[in-house]
Amino acid sequence: MSIFDKIKEKLSHEFIDIVEWLDYTDDTIAHRFERYQNEIKNGAKLIVREGQAAVFVNEGQLADVFTPGTYDLTTQNLPILSTLKGWKYGFNSPFKAEVYFVNTHLFTDEKWGTKNPITLSDDRFGLVEIRAFGTYAFKINDPGKFIIDIVGTDNNFTNFEINEHLKSLIATRFTDTVGEANLPIELYAANTSELSETCKEVMQPEFLGVGISLERFYIENVSMPEDLKKEIFEYSRIDKLDLDKLTKFKTAKAIEAAAANEGGTAGAGMGMGMGFVLAQQMGGMMNPTAGTTAAPQTQSAPVAPPPLPQAVQYFYALNGAQAGPVPFEQLRALFAGRTVNKETLIWRAGLDGWKALKDIDELKVFLGGTTPPPLPNS
């Protein structure tokens, strides 16, 4: 560059009297307005557009912040900078200050996700791993703090530069939040809206600490290993089925599979053996006296025992409809799996109407401990 080019550059920058920034990108968060030796002409005009803020920095110290509008840069409009400079009676010569324009509009559709699986402890399935991903939106709510704490001297700061920090922060706080939620594993995917709101509240203070406001936070998906999904689906089915019927069904399926295995003697033997068992059971049901040795005429017949007491059966309300009946232990399993709770309406023979589970004496053991009755008066 020749000496004349340097003179032209100096003059063209020194006598600029309009300070403004037109953003032609969609990812710039902060841009430093460039001038020759950072000089601004006294009385220059500052134009701050909607969705922008102008931050003046003097020797690394925050001076003034301007919101959208048009300003004449004089000592009256730069009170903090004037105090830092020590101008008591105004000034006529150019002054030096760095001017940063900050985008204050909403940055949307930013992606986040857990880089590694999150390990959780579930009461039924033990240690399990989940992953999650989603989107978030943010904007700069304190331009001065953001410039001083994050941007520094970067002349063109983009959202790519801050996203890695924000995604790491989100992943860390998400892990803490789901770990403390202590939900059954299958409910994480079913309660993404509530979990999103909780995570947003937890993360907001740390965003605000650097001048950023977390405006929206969404969990789009919570995933888990396929084998764990199958276990959860199987557990859900068992919870809804009659266990005795399920056992008979699986036995029949095993016999069918063994019979179809023509290539091995073990399968054939198993099929024959189970077939004999079923045949004997069916024969016993059709002819109860078959297979028993007749007692001698002189021997008296044994006394038959009394019939076994019938197990108490319970009906319960589920989604506004009657379900059941189920025995006591199956009702306990439904309570443990959160299909029913202490407010669920229950009925059994002997009750004069439907009652909440917590109000039925023999079911209070589900709630964790019992209270002894008061001592009789002496």
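The values are calculated or read from the model by the stated rules, or taken from the named source; none is laboratory data. Please read these numbers as outputs of a predicted model, since none were measured by experiment. Positions of Cβ are backbone-derived with ideal geometry, glycine not excepted, and every protein chain shown enters the neighbour counts. In case anyone asks, the SASA skips ligands and DNA or RNA and just uses the protein heavy atoms, side chains included. Shrake-Rupley method; radii C 1.70, N 1.55, O 1.52, S 1.80 Å.
Things to note:
- Checking each residue of the range 160-169 against the condition of being surrounded by 15 or more Cβ atoms within 10 Å (Cβ to Cβ), in contact with a helix residue (DSSP H, G or I) (Cβ under 8 Å, 6 or more places away or on another chain) and either free of Cβ contacts under 8 Å to residues at least 24 places away in the same chain or not aliphatic (A, V, I, L, M) (or both) gives no match.
- Scanning the range 106-122 for residues that are assigned to a strand (DSSP E or B), of a type in the set (Ser, Thr, Tyr) and within 28 Å of ASN182 (Cβ to Cβ) yields THR119, SER121.
- Selection of first residues in the range 103-118 that are within 24 Å of VAL222 (Cβ to Cβ) and of second residues that are open to solvent by 40 Å² or more (accessible area, probe 1.4 Å) and not in a strand (DSSP E or B), restricted to Cβ pairs under 6 Å at least 6 apart or on distinct chains, gives the following pairs, ordered by first then second residue: TRP112/LYS167; ILE118/THR175.
- Condition check for ILE40: more than 17 Å from GLY144 (Cα to Cα) and of a type in the set (A, V, I, L, M): yes
- Residue, farthest from ILE185 (Cα to Cα), within the range 128-159, restricted to residues that are under 19 Å from the mean Cα position of the chain (by Cα) and open to solvent by 20 Å² or more (accessible area, probe 1.4 Å): PHE133
- For the range 36-71, the candidate set comprises residues that are at pLDDT 85 or above and among the acidic types (Asp, Glu); within that set, the residue that is nearest to the chain's Cα centre (by Cα) is GLU50.
- Selected residue (criterion: nearest to GLU110 (Cα to Cα)) from residues of the range 172-205 that are out of contact with any strand residue (DSSP E or B) (no Cβ under 7 Å at 6 or more places or on another chain), among the aliphatic types (A, V, I, L, M) and at pLDDT below 90: ALA190
- Scanning the range 170-199 for residues that are in contact (Cβ under 8 Å) with a residue 24 or more places away in the chain, part of a helix (DSSP H, G or I) and under 19 Å from LEU127 (Cα atoms) yields a total of 8.
Every residue, every condition in (1) within 30 Å of the chain's Cα centre (by Cα); (2) open to solvent by less than 50 Å² (accessible area, probe 1.4 Å); (3) on the phi < 0 side of the Ramachandran plot, yes or no:
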| site | (1), (2), (3) |
| --- | --- |
| GLN313 | no, no, yes |
| TYR316 | no, yes, yes |
| GLY320 | yes, no, no |
| ALA323 | no, yes, yes |
| GLU329 | no, no, yes |
| THR339 | yes, yes, yes |
| THR344 | yes, yes, yes |
| TRP347 | no, no, yes |
| LEU351 | no, yes, yes |
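- Condition broken by LEU363, with the remaining ones in (1) in a helix (DSSP H, G or I); (2) open to solvent by 70 Å² or more (accessible area, probe 1.4 Å) satisfied: (2)
- Any hit, the range 311-328, residues being touching a Gly at 6+ places or on another chain (Cβ under 9 Å), modelled with pLDDT under 85 and under 30 Å from LYS253 (Cα atoms): no
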